[in-house]
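This is the structure I have questions about; it appears just below.
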Amino acid sequence: MELEQIPGVGKSIAKRLRDAGFVNVETLAVTPAREVKEKAGYEKLEAAQRIVEAARQALGCSFITAYEHWEMTKRRLRCTTGSKALDSLLGGGIETQAITEFVGQYGSGKTQLCLTLCVTAQLKPEQGGLGGNVLYFDTEGTFSSNRVYQIAAENGLDPGQTLHNITLSRIYTSDHQMFLLDNAFEKCAEENVKLVIVDSVISHFRGEYLGRETLADRQQKLNLYMHKLLRLAEILNLAVVVTNQAQSDPTPQWGNRQPEDRPAGGNILAHASTTRVWLRRAKGEGKRIARVFDSPCLPEGECVFRITAKGIEDAPEEEKAEKAESQE
Ligand SMILES: Nc1ncnc2c1ncn2[C@@H]1O[C@H](COP(=O)(O)OP(=O)(O)OP(=O)(O)O)[C@@H](O)[C@H]1O
Ligand SMILES: [Mg+2]
C-alpha cells in the first residue's frame, strides 16, 4: 500500500519516509515508533508514534478478533523439505507465518536443506510446495546456483526457470543484514515471494560483537531482526527459514562432563524462532538426523534423512517403512 494512502501523508512526508527506508505502509506499520523517529529524523517521539498509528489504522491491523486470528492461521501453508520423514516430524513441512530454525555443526546439512527448499517452495501447493518465489539472504557466501540447478534438474523441473525465481542477496555485515530486511517487505509483496531464507542468521552478529560487554547490544539488534522477520512471515503469509550455528558450551552441566553443543544466539533466538530443529551427522552415506527440540505445537522427536544429488530425501530405510505403511 502506498504511503500517500495514509490520511494526512502528502508527497513530502512520503518522500521523507521513503528516503528513510519505509517504502510502504506495511513496513511503517510494523516498525517501532522509536526506530521511525531515528531513521526519519523526527524531533519528537509523538510525531513518529502518530504516523505509525495512522499506518496501522490504514491497514486495519490495530486489533483483530480471535476469529480473525483463526482465519489467518487457516491460511497457513506447508512446504515439503523433500523428505517425507522430515516433513512429518515438522507436522507436514515448513510452515508459513512462522520462523523455522535449523541449527547444527558445520557439514550437518543446513545449507543443503536451504538449497533444496529453494526448489520445493516453487512447486504448486498440490505438489507440496508454496507456489511462490524465494528470497535468499546469504551471509556466509555458501549459496550455490550450480547445486540448485542440479537439485531442480534431478527433480524434473526446469533448472533455468527455477533459478530465475530466486532473488539472492549477499550480506556483508549485520547492519547490511538489518537494512536489507527493511526492503524485503516491498520485494516479497511485489514478487510473490513465499519463502525467505537467511543462511545463517547469526554469523555476522557473532563475528562483529566480541566480548561480554558487547553482548547486550548484539542481542538487542538480533531481537529486532528476528521480530521483523516474524512480522514479514505473518503479514505476507510466507515461510521464513533461518540457520544457526552450534556453539560449544564450556561449562557442561553436572553429571555431564563432556563439553556440550548448544545453539548460538542465546535466549533471543530461542524465543523468536517458532520451531527449532537440530541437525547432526549420522552413520551411513549422506545420512543426517533431525531433532525437533522446541516447538509450540509439535512433540520432541527425531527422524533420519539423507543428502543426495536430489537435495534432501528420505533415507532408504525410512522409504521402506513408508512403502510398507502405505501397502497396509
Ligand atoms: N551434491 C551433493 N550430493 C550429496 N551430498 C552433498 C552434495 N553436496 C553437498 N553434500 C553434503 O552436504 C555436506 C555439506 O552440508 P552443508 O553445507 O549443508 O552444511 P552446513 O550445515 O551448512 O555447514 P556450515 O555450518 O559449514 O555452513 C557435505 O559434507 C556433503 O556431505
Ligand atoms: Mg552452511
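Quick note: the coordinates plus some simple rules give every number you see, no bench work behind them. Just so it is clear, the model here is predicted, and its values are computed rather than measured. Methodologically, a virtual Cβ is constructed for each residue, glycine included, from the backbone with ideal geometry; neighbour enumeration extends over all protein chains shown.
Over 25 Å apart: what share of the alpha carbon pairs of region 77-199 falls there, rounded to a whole percent?
Tail fraction, whole percent: 19.
For the chain, give the share of DSSP beta bridges that are antiparallel, in percent and rounded to the nearest 5; count only bridges with both residues there.
Restricted to the chain, the bridges split so that about 45 percent are antiparallel.
Another one. Please work out the Cα center distance from region 257-316 to region 23-74, rounded to the nearest Å.
35
Follow-up. Give me, ordered by chain and number, the residues 5 or more places off I99 or on other chains with an amide H under 5 Å from its own placed amide H.
T274, T275
When Lys and Arg each count +1 and Asp and Glu each count -1, what net charge do the other residues less than 12 Å away from V193, Cβ to Cβ, add up to?
Net local charge, V193 excluded: -1.
Cross-link partners among lysines for K44, C-alpha distance below 29 Å, same-chain residues fewer than 8 apart left out?
K11, K15, K221, K228
So, one more: Evaluate the Debye formula for region 74-327 with equal point scatterers sitting on the alpha carbons, no solvent, and hand back log10 of I(q)/I(0) at q = 0.09, 0.15, 0.16 Å⁻¹, in q order, two decimals.
These q points yield log10 I(q)/I(0) values of -0.38, -1.07, -1.22.
Any idea what the dipole of region 74-327 comes to, in debye rounded to 20, about its Cα centre with Lys/Arg Cβ at +1 and Asp/Glu Cβ at -1?
It comes to approximately 220 debye.
Is region 145-245 rounded, prolate or oblate when judged by the Cα gyration tensor, a ≥ b ≥ c being the square roots of its eigenvalues, rounded requiring a/c under 1.5 and prolate requiring a/b larger than b/c?
Taking the square roots of the gyration eigenvalues as a ≥ b ≥ c, region 145-245 is prolate.
Sticking with this structure for a sec: For K221, K74, which order do you get if you count the other beta carbons within 10 Å of each Cβ and list the fewest first?
Neighbour counts put them in this order, fewest first: K74, K221.
Which percent of Cα pairs goes in each bin when the distances of region 3-59 are cut into 5 angstrom slices starting at zero?
Pair shares across the bins are 4, 24, 37, 29, 6, 0.
If I take every Cα pair under 8 Å that is 6 or more residues apart in the chain, average their sequence separation and divide by the length, what percent do I get for the relative contact order?
20
Can I ask one more? Taking the highest mean first, how do the peptides 211-219, 132-140 order by number of other beta carbon atoms within 10 angstrom per residue?
Packing proxy ranking, top to bottom: 132-140, 211-219.
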